[in-house]
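This report refers to the structure that appears directly beneath it.
The values are calculated or read from the model by the stated rules, or taken from the named source; none is laboratory data. All figures in this text were calculated on a predicted structure; none of them were measured in a lab. Methodologically, a virtual Cβ is constructed for each residue, glycine included, from the backbone with ideal geometry; neighbour enumeration extends over all protein chains shown. These area figures cover heavy atoms from the full protein model, side chains too; ligands, DNA and RNA do not enter into them. Shrake-Rupley method; radii C 1.70, N 1.55, O 1.52, S 1.80 Å.
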4 protein chains.
Amino acid sequence: MKDIQSQIDHRRIDIKKVGVKTITYPITVLDKSQKRQKTIATVNMYVNLPHHFKGTHMSRFIEILNRFHGQIDLKGFRLILEEMKEKLDAEAAHIEIAFPFFLHGSGKTDDFQVKKYDCAMHCLLEEEEDLRLEIAVPVAHPFNDAQDGHTLSVGLWGNVLIRVRFRKFMWLEDLIGVVEKTIGRESPEGTDSNAAERPMESLLENLANRFAQLTELKWYSITVENISQGYSLFATLSSADCP
Amino acid sequence: MKDIQSQIDHRRIDIKKVGVKTITYPITVLDKSQKRQKTIATVNMYVNLPHHFKGTHMSRFIEILNRFHGQIDLKGFRLILEEMKEKLDAEAAHIEIAFPFFLHGSGKTDDFQVKKYDCAMHCLLEEEEDLRLEIAVPVAHPFNDAQDGHTLSVGLWGNVLIRVRFRKFMWLEDLIGVVEKTIGRESPEGTDSNAAERPMESLLENLANRFAQLTELKWYSITVENISQGYSLFATLSSADCP
Amino acid sequence: MKDIQSQIDHRRIDIKKVGVKTITYPITVLDKSQKRQKTIATVNMYVNLPHHFKGTHMSRFIEILNRFHGQIDLKGFRLILEEMKEKLDAEAAHIEIAFPFFLHGSGKTDDFQVKKYDCAMHCLLEEEEDLRLEIAVPVAHPFNDAQDGHTLSVGLWGNVLIRVRFRKFMWLEDLIGVVEKTIGRESPEGTDSNAAERPMESLLENLANRFAQLTELKWYSITVENISQGYSLFATLSSADCP
Amino acid sequence: MKDIQSQIDHRRIDIKKVGVKTITYPITVLDKSQKRQKTIATVNMYVNLPHHFKGTHMSRFIEILNRFHGQIDLKGFRLILEEMKEKLDAEAAHIEIAFPFFLHGSGKTDDFQVKKYDCAMHCLLEEEEDLRLEIAVPVAHPFNDAQDGHTLSVGLWGNVLIRVRFRKFMWLEDLIGVVEKTIGRESPEGTDSNAAERPMESLLENLANRFAQLTELKWYSITVENISQGYSLFATLSSADCP
């Protein structure tokens, strides 16, 4: 094995990642109304290594996972990242998790009240910690239904995908609330002459206006996706990083 | 091995299936306008055995698959079924295939013209042959768009899922055409007072009326599915088998 | 609408299903060691109707779902089925749920300890209630690893899919335990001469022998699936229903 | 609409993307033995815009797609990228396509002969064109099967994922061949003492050695993924860009 290894032209190799992928795992997330919400996450964990990787790296990941099992929550991620970085002698440690987050409606009985939002987080610990949150808010069709007496939604317009970095803590519920209120405020006049094109454009503008006011956010990216028969149209706006 | 086997209470065992699953495979299907359409299928092949299964059954499946590769089309299925039944000494032989079928639009340039329809077939050879075809027709929102000048569709209402057994040959294109014309004929008046509920009901009735007239069909089942934010509503009507 | 409806040839229509599909929903399942396990289910609910379906059926489903939200567990299903049958004046009511079930390992730190098992249930209320449970047990490769000192598994052999109807209550853990112990008992001699074919055959026989002894079960079906590069081989044995 | 727009703090917005996603589409790819292979791709097309996006951008995408339908092949992508960049007045144009690529085996009848490889390409036209190809090569378990008389593979070890930028044209078949030959050369001695850890490490090293010799490549990244019961272990090496 040694002989083969020495043949590698090490000058050409500049990135090495080692990790564990697509583990499905129960986790606990913070929830404004219920304090803690149990959900199920798909987790990827990996490190960037400055040097050669060895098989022992793999068993270290399993050890770390087992140490934290049953108690993985958002605070726990920082500890795991630190342990990954230290135990594996890594330059950077990453955790990516994806999970459904559920909100329970207020009480009217004519629409389905348990709403699911697909969330994802990318936690990176290098010199400093970086956390990016992603949340998909489905948009019923017609998307300004909430204004009038309509109850059952009658089709799917698409999705709003929000990605943020926080300056200050913000509840997932509040972030979702901002998106859903802004979508609801979409005026009916916006769907007049060329209905096929205008709403996507104006929906993105309305959201961009609203997000520019959220001082809790250090950075944000807004993608509006309009699904159709066999394809989706999408448009994305991202803020510059703030000083 | 023999000892273990003799312990099984054979009286309690009444069904045995052996086969190959989820093979992805290029196939050719008949196409009204282009004669032959190359597409890619996911294939399951299995047999019902009257007696104990042996490991050799598995290698027979691989042999049969290899014999037919590159020339699998709808006519070929009959030959494969016969070979499966004979070589494996089986009571019944099954092939299930699922594939996307593409139709190319006529020429107006303001909507996307390559439409995809997910199809599936279940071919069964027992005493007689039985073939059931399944096709999903996506329904844009609003679903009577085609009547007016609208071009870009602006959301997805849901799907119409058709399952049929043929008495006479019918092109996939023609079956799709029946569904799409019937959807288009949906009158605007049908979406008036309680738009959230009526269309699904009347869409299913319109399709049932239309399909009752198709003498090419021995049997049919129609499912109308209205997708929404986090769930779908569906309703199915199936014809009785005809004498 | 009435005119159109009267044109349908009602003699040809013999099955009508109406329901709600693919709702993702937090549920609670019974867990031997932890009493209750919170997980997330995908739920389908539908009824067979003896007569014409009306739009109001749809809003009834939403009402029923909302009434039970937050408290859906296995006992709750019976109540929901009864309410579905009564409120919708149905001949039969169905609930299908699929969910991941997690087991936490005992304490050795060299293999990953949170195991996920994909489960599904089909609950049917007609004259009587019928409940069928389905559970997939992944099989690592080599599948008799557990016997020796090996720790990290090194590939995926496939799955064992178990479907059962109960005569007496049985914990999910115990059902999984039966499968995993039987897989582990697979003797190394079983993988000798033609290793590619024998294990699947003998694994199914070992499981069939073991399940024939489980008096808690009214009915069972065992599918052994060996995944490979681009396809899976499978074999199924089902018991006859017992008197 | 104008008033709302003027409220946006334009200084904070620095990225704008507009496009079409997840279109499924028949395409033709070059194939060493058969000249042309018809397959089915999932396509994303989008542009980076320096300025505000308008609804008309969306219909332009549909127009461009329709112009090229039926004749999309690898050469066609350059033309589409140019048209996207020009018609939409964009800084950069992207096409991402993913498709299965099939290779037909040589003739031995005891293993399944149509192999599927999942491929993806990212084509970017900015000042210059950049093309990155990705290909996943499944690895059967045990992964050095090819050396001896074994035929049916008996489990899945994982995948090798290759990403490359070309300096010179290279057939997909040849790239796949390099990977599969290198996997096959893995010596049996490599799986001795701690079989659970060594193979992944040495497999990646063998591939890195081999790829360092491929002068056709400007850049490459090799990921070795070992699937297990409930998770995957992976390790990635990437070359630095060459001068």
Near A:K181, which lysines are there with a Cα under 25 Å away, not counting those fewer than 8 places off in the same chain? A:K32, A:K35, A:K108, A:K115, A:K116, A:K168, A:K218, D:K2, D:K16, D:K17, D:K54
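Please give the peptides C:205-214, B:154-163 ranked by average Cβ packing (other Cβ atoms within 10 Å per residue), highest first, as a rough proxy for protection. Could the numbers behind the result be given before it?
Numbers: C:205-214: 18.6, B:154-163: 22.9.
Sorting C:205-214, B:154-163 by mean packing, highest first, produces B:154-163, C:205-214.
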Here, B:L124 and D:A240, labelled 7 Å along Cα→Cβ, have an inter-label distance in nm of 6.5
Taking each residue in C:93-102, count the Cβ atoms of any other chain within 10 Å of its Cβ, then average. What number comes out? 1
Spelling out what I want: for every residue of region B:25-38, take phi, set θ = phi - 60°, compute 6.51 cos²θ - 1.76 cosθ + 1.60 (Karplus), and round to whole Hz; glycine and proline get x. 7, x, 10, 10, 10, 6, 9, 4, 8, 10, 6, 10, 10, 7
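Just counting partner chain Cβ atoms within 10 Å, what average do the residues of peptide B:114-126 show around their Cβ?
Numbers: counts 11, 3, 8, 1, 1, 0, 0, 0, 0, 0, 0, 0, 0.
Mean partner-chain Cβ count within 10 Å for B:114-126: 2.
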Starting from a label point 7 Å past Cα on the Cβ side, list the distances from C:S33 to the same position in the other copies, nm, shortest first. 3.4, 5.1, 6.0
B/D buried area, accessible surface, summed, 1.4 Å probe, Å²: 2100
What's the average, rounded to a whole number, of partner chain beta-carbon atoms within 10 Å of each residue's beta-carbon in C:19-28? 6
At 7 Å out from Cα toward Cβ: D:K87 inter-copy label distances (nm, ascending): 4.9, 5.0, 5.4
Apply the Karplus parameterisation 6.51 cos²θ - 1.76 cosθ + 1.60, with θ equal to phi minus 60°, to every residue of region B:91-105 and state each ³J(HN,Hα) to the nearest whole Hz, in sequence, with x for glycine and proline. 7, 8, 10, 10, 10, 10, 10, 10, 7, x, 10, 10, 10, 9, x
